[in-house]
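The values are calculated or read from the model by the stated rules, or taken from the named source; none is laboratory data. All figures in this text were calculated on a predicted structure; none of them were measured in a lab. Cβ placement follows ideal geometry from the backbone for every residue including glycine, while neighbour counts extend to all protein chains displayed.
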Amino acid sequence: MTKTTICGTDLHILKSDLPSVAVGRILGHEGIGVIDEIGAGVTRFRRGDRVLISCITACGKCEYCRRGMPSHCEQGGWILGNTIDGTQAEFVRIPFADTSLYPIPENADEDAMVMLSDILPTGYECGVLNGAVKPGDTVAIIGAGPIGLATLLTTQFYAPANLIVIDLDDNRLEVAKKFGATEVINSADGKAVEKVMAMTAGKGVDVAIEAVGIAATFELCQEIIGAGGHIANIGVHGTSVTLHLEKLWSQNITITTRLVDAVTTPLLLKTVMAGKLKPKQLVTHHFTLNDVMKAYDTFGNAGRERALKVILTNS
């Protein structure tokens, strides 16, 4: 491993929201590295190659991989830092390397490359694509953490008319403004719904993207979505939420869920290398692997530390 990072999902794991993760598991499903050894079945890579590690392990052959849904690969999927040891270590083993790694281009910024392992594909696939964002839409992103901000960056591919970001943290909302939000709302006063309706002439938003993973934020999506709109859930939910079908059944609402497939990584990689997408701006802190607990404390107290993404360097 050269560089890795901590994901919000790792914090959910520490809260016991994902029982599939055994005690003692090495966490982490993102990062870049240099190949130290290759197995007999590896044909696309050689020792010494610099590679981007996808958060999703894909065999490339099973029914789900062939359907473009490797998140449910019969022998892979999201296994790194989940059912097998992950990337927050000096070395990591990557099954199905030929279809789960990407070569890193010359002169690529390494911090930016780490953002392509998970956060950018997740925001783009689970939020933007599932939300069917179109030019002229009014889009609300609930949550201005790293995933919400990655969604904000990639939503702008489709030229929405209005981009509303809702969060409890004024610092993160200020960052959202810098990243392209047209409006920001601090929901601490409990008036987020009222403010969104005022901004949309009482109609609600075309797309509501949930990027937190708690009941209150999914509830907020249901309250602000307009007729014919899309609610796209990104967040990892460890507890049940209420679905208000008694209000939504007649509103032509589409609700989507998704575990990232990371099938858009090549597209996003080209966009980053062309300078059209600049994910390095999501990185706020750097640590070495030896300081991993300090890094977790910083990321876990993001409001206090003004943290977005932290980079862990193997040195």
* Restricting segment 216-243 to residues that are aliphatic (A, V, I, L, M) and in a helix (DSSP H, G or I), which is farthest from ILE13 (Cα to Cα)? -> ILE224
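Please return the ranges of strands (runs of 3 or more DSSP E) entirely within segment 1-66 where 1 or more residues are farther than 20 Å from ALA295 by Cβ.
Values: elements: 3-5, 31-34, 50-53.
Once the strands (runs of 3 or more DSSP E) in segment 1-66 are filtered for at least 1 residues that are farther than 20 Å from ALA295 by Cβ, what remains is 31-34, 50-53.
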* segment 101-121, residues that are among the aliphatic types (A, V, I, L, M), farther than 17 Å from ILE35 by Cα and either buried (at least 21 other Cβ atoms within 10 Å of the Cβ) or without any contact (Cβ under 8 Å) to a residue 12 or more places away in the chain (or both) -> MET115, LEU116, ILE119, LEU120
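One line per residue, one yes/no per condition, for (1) at pLDDT below 95; (2) in the same structural domain as ALA295 (by TED's automatic domain parsing); (3) hydrophobic (A, V, I, L, M, F, W, C); (4) touching an Asp or Glu at 6+ places or on another chain (Cβ under 9 Å):
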position: LYS15; (1), (2), (3), (4): yes, yes, no, no
position: GLY31; (1), (2), (3), (4): no, yes, no, no
position: ASP36; (1), (2), (3), (4): no, yes, no, no
position: ILE56; (1), (2), (3), (4): no, yes, yes, yes
* Where a residue in segment 300-313 is free of Cβ contacts under 8 Å to residues at least 40 places away in the same chain and its partner, wherever it lies, is outside any strand (DSSP E or B), with Cβ under 6 Å and at least six apart -> GLU305/THR298; ALA307/THR298; ALA307/PHE299
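Being of a type in the set (Gly, Ala, Ser), in contact with a Lys or Arg (Cβ under 6 Å, 6 or more places away or on another chain) and modelled with pLDDT of 95 or more narrows it down to one of ALA97, ALA112, so name that one. Working first, answer last.
Details: ALA97 fails: in contact with a Lys or Arg (Cβ under 6 Å, 6 or more places away or on another chain).
Only one candidate passes the filter, namely ALA112.
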* To do: Just name the residue that is nearest to GLY131 (Cα to Cα) out of those in segment 254-278 that are among the polar types (S, T, N, Q) and assigned to a loop (DSSP other than H, G, I, E, B).
  => THR257
* Structure fact -> (1) on the phi > 0 side of the Ramachandran plot; (2) more than 23 Å from the chain's Cα centre (by Cα); (3) in the same structural domain as PRO105 (by TED's automatic domain parsing) all hold for ASP291 apart from (1)
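Name every residue in segment 41-60 that is surrounded by 13 or more Cβ atoms within 10 Å (Cβ to Cβ), more than 20 Å from the chain's Cα centre (by Cα) and not small (Gly, Ala, Ser), in order of residue number.
Within segment 41-60, the first condition is being surrounded by 13 or more Cβ atoms within 10 Å (Cβ to Cβ), and the residues that meet it are 42, 44-45, 49-60.
The next check asks that each one be more than 20 Å from the chain's Cα centre (by Cα); those that pass are 42, 44-45, 49-50, 59-60.
The answer is VAL42, ARG44, PHE45, ASP49, ARG50, CYS59.
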* To do: Give the residues of segment 279-296 that are surrounded by fewer than 18 Cβ atoms within 10 Å (Cβ to Cβ), in contact with a strand residue (DSSP E or B) (Cβ under 7 Å, 6 or more places away or on another chain) and part of a helix (DSSP H, G or I), sorted by residue number.
  => LEU289, LYS294
* **Per-region count, segment 185-230, residues touching a helix residue (DSSP H, G or I) at 6+ places or on another chain (Cβ under 7 Å), in contact (Cβ under 8 Å) with a residue 40 or more places away in the chain and among the hydrophobic types (A, V, I, L, M, F, W, C)** => 7
* Going by the conditions given, is ILE255 under 23 Å from PRO70 (Cα atoms), without any contact (Cβ under 8 Å) to a residue 40 or more places away in the chain and either in contact with a Leu (Cβ under 9 Å, 6 or more places away or on another chain) or surrounded by 13 or more Cβ atoms within 10 Å (Cβ to Cβ) (or both)? -> yes
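Return the residue satisfying two criteria in turn: it lies in segment 127-137 and is buried (at least 24 other Cβ atoms within 10 Å of the Cβ) and more than 13 Å from the chain's Cα centre (by Cα), and of such residues it is farthest from THR298 (Cα to Cα). Give the steps one after another, and end with the answer.
The initial filter retains those residues of segment 127-137 that are buried (at least 24 other Cβ atoms within 10 Å of the Cβ), namely 127-128, 131, 133.
From what's left, more than 13 Å from the chain's Cα centre (by Cα): 131, 133.
Numbers: GLY131: 31, VAL133: 33 Å.
Looking at residues that are buried (at least 24 other Cβ atoms within 10 Å of the Cβ) and more than 13 Å from the chain's Cα centre (by Cα), I get VAL133.
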* If CYS65 passes every condition in (1) surrounded by 13 or more Cβ atoms within 10 Å (Cβ to Cβ); (2) of a type outside the set (S, T, N, Q); (3) within 26 Å of PRO146 (Cα to Cα); (4) within 22 Å of the chain's Cα centre (by Cα) but one, which one does it miss? -> (3)
